[in-house]
Amino acid sequence: MLARPRPRTPAELTLWLVGAALLSGATPAAHALGTSHVKASLVSERDWIEPGKAVTVGLRLEMEDGWHTYWKNPGDAGLPPKVNWRLPEGFSAGPIFWPAPERIAAPPLMSYGYEGEVVLPMLVETPADLPVGTDVRLGGRADWVECKEVCLPGRAEVALTLPVRAEAAPTSAAGPLFERAWRAQPVGPEGWALHAASAGGKILLSFHPPGGLVVDDAYFFAAEPGKVEHPAAQVLHAGRTKHRLDVLPATNRTEPLSRLAGSFAIEILGKRLLSCPVAFADIPRASPAAMMAPVLVPPT
């Protein structure tokens, strides 16, 4: 008797659908009119390259109304954008600095991503012996998944040519796009008190923002898939200055959740005020009494 196939998770289903589209040759070219709902391009934060100094470039994704792309953890569906670089000898590109995402609900699924427009910054290291007065072409292939009522794989060849000069480079015309991307980066956890524990089948995330902020909403964006149950409600127990957020671990996990990374998005009066990157390791088990109040335990 044949064994019944294991049901695919939403993320696995997205991978399967995207893979099928790629194999069928249905991948849209981002700059071919009418074949994609996202325009991809490379932009630079500075007007030129200084030899031996890193230059910040960004993958710019401009999405049609109603369409979205994804964060590094796409949630229940989708895939994060990436660039497969083809750089000159001596150049190397670092990872994406991910701006804080938005929640994109499509019940019963919850995804994390971007709508409208986003720039994903990356640092490109340059060799110290670059000849001044020459031009350098930075390029590669961008891949992403774009979704509205349906999800489509997107792909585009992206490139940017920059001159090499010896003097300090001014901010480029794309500077405001990078300013927005940097403002959306989670701020460091300096001054925060953080603690995580598990009790009653939940992960209890206690936090004390600097300045004793009065929080009226909070959300934890897990940095990796398969850690938490994305569509599940996250329950905030707000105190005067100390707060606790109850998060459900992913239901398909086969072992207890012991490590968790991500960021808190804090809202006051309906407006996101602060996003803080956090990492919890060796999450201890707490007594059921720990669930009764947002008691803050300083991290070790």
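The values are calculated or read from the model by the stated rules, or taken from the named source; none is laboratory data. As the structure is a prediction and not an experimental result, all values here were calculated from the model. Neighbour counts run over all protein chains shown; Cβ positions are idealised from the backbone, glycine included.
Of all residues in the range 166-192, count the ones that are surrounded by 17 or more Cβ atoms within 10 Å (Cβ to Cβ) and farther than 30 Å from Arg244 by Cα. Qualifying residue count for the region: 5.
Restricting the range 51-90 to residues that are under 19 Å from Arg165 (Cα atoms) and out of contact with any strand residue (DSSP E or B) (no Cβ under 8 Å at 6 or more places or on another chain), which is surrounded by the most Cβ atoms within 10 Å (Cβ to Cβ)?
So the residue we want is Lys53.
Among the residues of the range 132-156, those that are in contact (Cβ under 8 Å) with a residue 60 or more places away in the chain and of a type in the set (D, E, K, R) comprise Asp143, Glu146, Lys148, Arg155. Among the criteria (1) at pLDDT below 75; (2) assigned to a strand (DSSP E or B), the one Asp246 does not fulfil is (1). Within the range 157-208, being among the aliphatic types (A, V, I, L, M), touching a residue at least 40 places away in the same chain (Cβ under 8 Å) and in a loop (DSSP other than H, G, I, E, B) holds for Ala166, Ala168, Ala169, Ala174, Ala184, Val187.
Residues checked against (1) in the same structural domain as Ile49 (by TED's automatic domain parsing); (2) among the hydroxyl-bearing types (Ser, Thr, Tyr); (3) modelled with pLDDT under 95:
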{"position": "Ala159", "(1), (2), (3)": "yes, no, no"}
{"position": "Ser172", "(1), (2), (3)": "yes, yes, no"}
{"position": "Ala197", "(1), (2), (3)": "no, no, yes"}
{"position": "Ile203", "(1), (2), (3)": "no, no, yes"}
{"position": "Pro210", "(1), (2), (3)": "no, no, yes"}
{"position": "Phe220", "(1), (2), (3)": "no, no, yes"}
{"position": "Glu224", "(1), (2), (3)": "no, no, yes"}
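Remark: pairs (first residue in the range 90-115, more than 28 Å from Glu149 (Cα to Cα); second residue charged (D, E, K, R); Cβ separation under 7 Å; 6+ apart in sequence or on different chains) = Phe91/Glu125; Ser92/Glu125.
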